[in-house]
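Okay, so here's the structure we're looking at.
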């Protein structure tokens with residue numbers, strides 16, 4: 001049975017999502033500016049591409065219910081830090097920390113949560129760099145600060161996370177042991193592949209350095 005917001009709370013949640021959409025637009029703009037900088041003013045752009053999304057009311061309600069919290073707009077805004085989210089895909093794992101540090105240095109951004117699953121992967125093999133950044137949005141009569149989740153990972157890490165999500169969905173949140181073993185093994189091989197690809201890139205750059 002689908003978990004939904006009660007009608008009055010649904011309307012409140014829709015209004016709150018307008019603010020989260022503004023916060024997401026703020027973060028998208030910041031990252032867009034950095035990409036312009038990397039592309040035209042710097043030697044190299046570490047960002048391959050960017051995806052952004054806002055959770056739907058249905059997804060928010062389901063997560064609140066799963067976590068054992070009341071399905072209300074207030075509960076959603078107080079508990080959930082990932083209503084607005086951005087995923088940045090880097091070419092190489094070595095660039096993830098570099099880009100995270102650039103975002104963290106922005107003076108009007110506050111770091112609420114930081115989790116390094118690249119150097120400290122989860123037991124299942126999941127790798128990614130997570131930041132919850134609080135950004136300001138300037139309204140006609142006030143300034144609001146809202147959290148945006150930023151995930152930074154390589155293309156290989158993103159592919160693995162997408163595959164694991166599909167397996168979880170298919171098995172109702174439970175991953176059979178034999179599949180989990182395979183996913184964990186793949187995660188290790190992906191980490192090694194990321195390192196090897198970076199080494200190849202370094203060799204290419206050295207070959208083209210002027211004497």
| To the nearest 0.05, how large is the calculated FRET efficiency for residue 178 and residue 94 if R₀ is 35 Å and r is the Cβ-Cβ distance? | 0.60
| message | Just to confirm the number: angle between the C-alpha axis of helix 57-67 and the first principal axis of the chain, 0 to 90 degrees, nearest 10? | response | 90
| By how many degrees, between 0 and 90 and to the nearest 10, does the Cα long axis of helix 177-207 differ from the longest principal axis of the chain? | 50
| query | Taking only C-alpha pairs under 8 Å that are 6+ residues apart, what is the relative contact order of the chain in percent? | reply | 20
| message | Can you sort 29, 13, 197, 157 from fewest to most other Cβ atoms within 10 Å of each residue's own Cβ? | response | 29, 197, 13, 157
| What list do you get for 130, 40, 69, 49 if you sort them by fewest beta carbons within 10 Å? | 40, 49, 69, 130
| Where labels lie 7 Å past Cα in the beta-carbon direction, separation of residue 202 and residue 8 in nm | 6.2
| said: Is the C-alpha gyration tensor of region 125-211 telling us rounded, prolate or oblate? Criteria: a/c under 1.5 is rounded; beyond that, a/b larger than b/c is prolate, otherwise oblate. | reply: oblate
| request: With everything on Cα atoms, drop me the angle between helix 7-40 and the longest principal axis of the chain, reported from 0 to 90° to the nearest 10. | output: 20
| request: Write down Rg/Rh for the chain, rounded to two decimals, with Rg from the C-alpha atoms and Rh from the Kirkwood relation over Cα pairs. | output: 1.02
| Per-residue Cβ neighbour rank within 10 angstrom, fewest leading, 179, 17 | 179, 17
| query | What is the list of residues in region 116-156 whose amide nitrogen lies under 16 Å from a point 7 angstrom out from the Cα of residue 165, following Cα to Cβ? | reply | 126-131, 149-156
| query | What's the center-to-center distance, using Cα atoms, between region 110-147 and region 154-186 in Å? | reply | 23
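Just so you know, all these numbers are worked out from the coordinates, no wet-lab data involved. Please read these numbers as outputs of a predicted model, since none were measured by experiment. Neighbour counts run over all protein chains shown; Cβ positions are idealised from the backbone, glycine included.
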